[in-house]
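This report concerns only the one structure given below.
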Amino acid sequence: MDIAGAFSYHNLIFIMKGFGITLWIAFVAIVLSFVLGSVTGTLRYMRIPVVSQILGVLVEFIRNLPLLLILFFTYFAMPDVGLKLGVMSSAIVGLAVFEAAMISEIVRSGLSSIPKGQVEAARSSGLTYMQTVWHIVLPQGLRRMVPPIVSQFISLLKDTSLAIVISLPELMHNSKIVIAQDFNYTLPILALVAILYFVVNYALSLAARRLENKWG
Amino acid sequence: MLDISIFTDHFGIYMKGFGNTIWASVIALLGSFALGTIIAVFRISSVKPLRWVGTAYVEFIRNIPLLLVVFVFYLGLPSLGVTLSGFVCGTVGLMVYTASFVAEAIRAGIMSVPSGQTEAARASGLTYMQTMRHVVLPQAIKIVIPPLSNQFINLVKNSSILGVFAGFDLMYYGDQVASKTYATFDTYIFVAALYLVLTLPLSFAALQLERRLAKNG
């Protein structure tokens, strides 16, 4: 083990650059998947004929595939059918589509958990369907969704590491390059990478727990 | 259009990968269930050091990527003089990673049974083991099964990590077929179909089970 060598200035800078890419990709994918997932989840809850069914099938398919395979699709397979994306965009699109399917399911089941009686009461009080969803279902459903959505974001941040298969220069990718320089760097570098992931994700999970206690 | 001959011509290769994916999933499933149960018992134990070990395991492993866990076995162990195959590293990594989620699900289930029931059972003269068997576990299982079945579906999907480490699973062989036929899109569509053959019925069964438990509870 060569701790001083492993943590040389250049190595640390290189790894931190990777960490920056990891955080950036995760951030963009979180925003995109949240928007896409909320919209599809709400549309599925509203049981719009045809639209909800098609979305349901799509979401079930994507949710039940490995993310690794979806990344292979966005980067290696899509050019085959005429859609060529760069490494960065492939990673973002793959992550966003997969996590959006997960979030869609969280949103749908969160909204469905609001008792039907409330919807009926609101409708018979003269609210339109959209008003009922907006004023009655969403505010309550949202509270129940926050903890699972935050854990989904933690998964997303961890899942960015899978973009190593398409050579995205993120944290895992860069640390593997540093390890390849010298065998004795392996354990110190892996420990550093673990700590970096842990700190961000643990902070997120603490935040989720606080929200849960406040709203639960 | 989709070229079916890619699947039929390489049927043997696909099936080899499919079989190894199932094999790795079953081993990791059994292993993570056993390890996760032990960690859960540690987490609710009245012995402080055990509780610390259990909590540290769950909090740490849950917050790092699966890929990193496998790297520790695949790159970390060789630097200590132990070299294992990609299949073994991937499967063991998957087991260690999933165990943290299993432990958390089991702990949450057991904690959901009010402690007054345990106290009442103990006060009625039941031993600790009897209390667990007849009072706590039958109720906890209903709470535990839905999250646990979701974890196992995740496990099957996550087994694709073996492909990164030349672990001879479906992902790995899919890659082989793609580099042979150059028909990347079609090749991966069949890989996707094979994964869905495994995960869709599992998801459906999990949903049915959840509904049935909800009705009876």
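Read-outs: derived from the displayed coordinates by stated rules, not from any lab. Keep in mind the model is a prediction, meaning the values are calculated, not measured. Cβ coordinates were reconstructed from backbone atoms using ideal geometry, including for glycine residues, and neighbour counts include every protein chain displayed.
Laid out as a table, the results:
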| quantity | calculated |
| --- | --- |
| Cα-based helix-to-principal-axis angle, B:48-62 vs chain B, degrees rounded to 10 | 30 degrees |
| Shape parameters for the protein assembly as shown, alpha-carbon atoms, Rg then Dmax in Å | 23.0, 73 |
| Overall dimensions of segment B:165-208 by Cα: Rg and Dmax, Å | 12.9, 41 |
| Nearest-ten-degree value, helix B:170-181 long axis tilted from longest Cα axis of chain B | 10 degrees |
| For residues of B:67-73, the mean tally of beta carbons on other chains within 10 Å | 6 |
| Cα-based helix-to-principal-axis angle, B:184-216 vs chain B, degrees rounded to 10 | 20 degrees |
| Computed [θ] at 222 nm, helices only, for the protein assembly as shown once each DSSP H run of length n ≥ 4 contributes -39500 (n - 2.57) | -25000 deg cm²/dmol |
| Neighbour cut-off at most 10 other Cβ (10 Å), DSSP loop, trypsin sites (Lys or Arg not before Pro), segment A:1-47 | A:Arg47 |
| Euclidean distance between Cα centres, segment A:161-216 to segment B:51-122, Å | 17 Å |
| Convex hull volume per residue in cubic angstrom - Cα atoms of chain B | 141 Å³ |
| Per-residue mean of C-beta atoms belonging to partner chains within 10 Å, peptide A:147-155 | 1 |
| Label-reachable residues, segment B:82-123, where backbone N falls under 16 Å from a point 7 Å from B:Ser45's Cα toward its Cβ | B:103-104, B:107 |
| DSSP H segments from chain A that extend 24 Å or more along their own axis, Cα-based, with Kyte-Doolittle mean of -0.5 or above | A:9-45, A:87-112, A:138-159, A:186-215 |
| Where the Cα pairs of segment A:59-214 fall when distances are cut into 5 Å bins, in % | 2, 8, 13, 13, 14, 14, 11, 9, 6, 4, 2, 1, 1, 0, 0 |
| Test item: B:187-199 mean partner chain Cβ contacts at 10 Å | 4 |
| Cα pair count fraction exceeding 20 Å, expressed as % - segment B:1-115 | 55 percent |
